[in-house]
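Have a look at the structure below, then the notes.
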Amino acid sequence: MQLEASAEARRLGSPFVTVDIFFAVFLRHFARFGYFTFGPITIDVRLIGDIVDSTAERDGSQHHVYSDDFVRFSQVLSQEVRRSGHSRLDELHMLLAFMRCDEGLPSRVFSELGVTPAQVEAHARAASSGVVAPERLYSPEEAADYLGVHVQTVRAWIRSGKLRASRLTGQRALRIAASDLQSVLEPVESGQDLD
Amino acid sequence: MPLYTIVRDVAGLSDGEIDAAGVRAVICAFEYPGLRWIRSYLDRDQQELLCLYQADTVAQIREHAERARIPAGEIREVEEIVPHPHIAAHGAPTAT
């Protein structure tokens, strides 16, 4: 992920690896189906990427240093590691540090979401003890948008049994679990005809 | 892989800021496949960190420090010498 942050700064031509760039790369790294989801948090990763794309400072630089706000963020992050009592830096430390960061895009996103670090820590504890919050559900339209196919294709897959779906109790509305969307994806083997 | 000691002037930095510099050093080190932070020793009297790194070149260490925004003073290439196994196994001689 750290390499991706560097590559992203290079792609943007930014002289700095900023908190915003690091945040966008973090979300993208752990996203599934275009969304970063962790307990009470769901973030549209493409939207965050677009914001970073349109706001990043650019000078065409291929040599970037960590920005002042990243230096401040690293202090929050190190406090988070220390507070947890673990010596190894992990993704939960980063997520909580982004939530406690009082500047930049992370601050805006988490204040709009209204989710607290305590809620995320409670989810993490529950997840580690095997009690995991329900995963995100997609409507056929959302699933089609994500997969880049027509909504009728999604409905046909559901009818044929290729894609598992459920109905909301007492309604006609269909919902597809994020993990079930994987069932219509298959890896391309090397040497396979791509036409 | 060459070993280097790096003297980092941390005068005026709090323990939290030194910790944060360590976090940046780790994150930034991923950009340099040949670079590895082995360990550091803090000299509170001199307000210096003495860091031991594996790296390809001195220039790589300087670039890593510049990007991660951590100080880097004198850098020396060094060789590792570990205690002789016999001494390590039996400890220092004691008076009888």
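The values are calculated or read from the model by the stated rules, or taken from the named source; none is laboratory data. Bear in mind that the values here come from a model prediction, so they are computed numbers and not experimental data. Counting neighbours? That spans all protein chains shown, and the Cβs are built from the backbone with ideal geometry, glycine included.
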Report summary line: Note on B:E66: of the conditions (1) modelled with pLDDT of 95 or more; (2) in contact with a helix residue (DSSP H, G or I) (Cβ under 6 Å, 6 or more places away or on another chain); (3) assigned to a helix (DSSP H, G or I), unmet is (2)
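Specify which of the listed residues (A:Q182, A:Q171) is farther than 30 Å from A:T55 by Cα and either outside any helix (DSSP H, G or I) or touching a Cys at 6+ places or on another chain (Cβ under 8 Å) (or both).
On the way: A:Q182 fails: either outside any helix (DSSP H, G or I) or touching a Cys at 6+ places or on another chain (Cβ under 8 Å) (or both).
The unique qualifying residue is A:Q171.
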Requested in this report: Of the numbered conditions (1) more than 25 Å from A:S128 (Cβ to Cβ); (2) assigned to a helix (DSSP H, G or I), A:H63 fails exactly one; give the number of that condition.
Outcome: (2)
Query raised in the report: From the list B:L42, B:L13, which residue is within 15 Å of the chain's Cα centre (by Cα) and more than 7 Å from chain A (Cβ to nearest Cβ)?
Result: B:L42
Report task. Being among the aliphatic types (A, V, I, L, M) and either touching a strand residue (DSSP E or B) at 6+ places or on another chain (Cβ under 9 Å) or surrounded by 10 or more Cβ atoms within 10 Å (Cβ to Cβ) (or both) is the filter here, so list the residues in the range B:69-87 that pass it. Result -> B:I70, B:A72, B:I75, B:V78, B:I87
Report task. Scan A:A97, A:A165 and give me the residue that is touching a helix residue (DSSP H, G or I) at 6+ places or on another chain (Cβ under 6 Å), farther than 22 Å from A:F33 by Cα and modelled with pLDDT of 80 or more. Result -> A:A97
Report task. Search the range A:125-147 for residues that are modelled with pLDDT of 75 or more and in a helix (DSSP H, G or I) and pair each with any residue that is surrounded by 13 or more Cβ atoms within 10 Å (Cβ to Cβ) and polar (S, T, N, Q) when their beta-carbon atoms are under 9 Å apart and the residues are at least 6 apart or on different chains. Result -> A:A144/A:T153; A:L147/A:T153
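Quick grid of which residues meet (1) outside any loop (DSSP other than H, G, I, E, B); (2) modelled with pLDDT under 95:
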| site | (1), (2) |
| --- | --- |
| B:T5 | yes, no |
| B:C28 | yes, yes |
| B:E31 | no, yes |
| B:I38 | yes, no |
| B:L42 | yes, no |
| B:Q60 | yes, no |
| B:I81 | no, yes |
| B:T94 | no, yes |
Requested in this report: Report yes if some residue within the range A:17-36 is among the acidic types (D, E) and in contact with a strand residue (DSSP E or B) (Cβ under 9 Å, 6 or more places away or on another chain); otherwise report no.
Outcome: no
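Test A:F110 against the criterion of being of a type in the set (F, W, Y) and either closer than 19 Å to B:A25 by Cα or not in a helix (DSSP H, G or I) (or both), and give yes or no.
no
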Query raised in the report: Just wondering, is there one or more residues in the range B:48-61 that are touching a Ser or Thr at 6+ places or on another chain (Cβ under 8 Å), acidic (D, E) and either in contact (Cβ under 8 Å) with a residue 40 or more places away in the chain or closer than 22 Å to A:F16 by Cβ (or both)?
Result: no
**Report entry** Residue within the range A:87-94 that is of a type in the set (G, A, S) and either in a helix (DSSP H, G or I) or surrounded by 14 or more Cβ atoms within 10 Å (Cβ to Cβ) (or both) present
**Finding:** no
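If only one of A:R11, A:R32, A:R58 is within 29 Å of A:L137 (Cβ to Cβ), more than 14 Å from chain B (Cβ to nearest Cβ), surrounded by fewer than 22 Cβ atoms within 10 Å (Cβ to Cβ) and not aliphatic (A, V, I, L, M), which one is it? So that I can check it myself, show each step before the final result.
Numbers: A:R11 fails: within 29 Å of A:L137 (Cβ to Cβ); A:R58 fails: within 29 Å of A:L137 (Cβ to Cβ).
One residue alone meets the criteria, A:R32.
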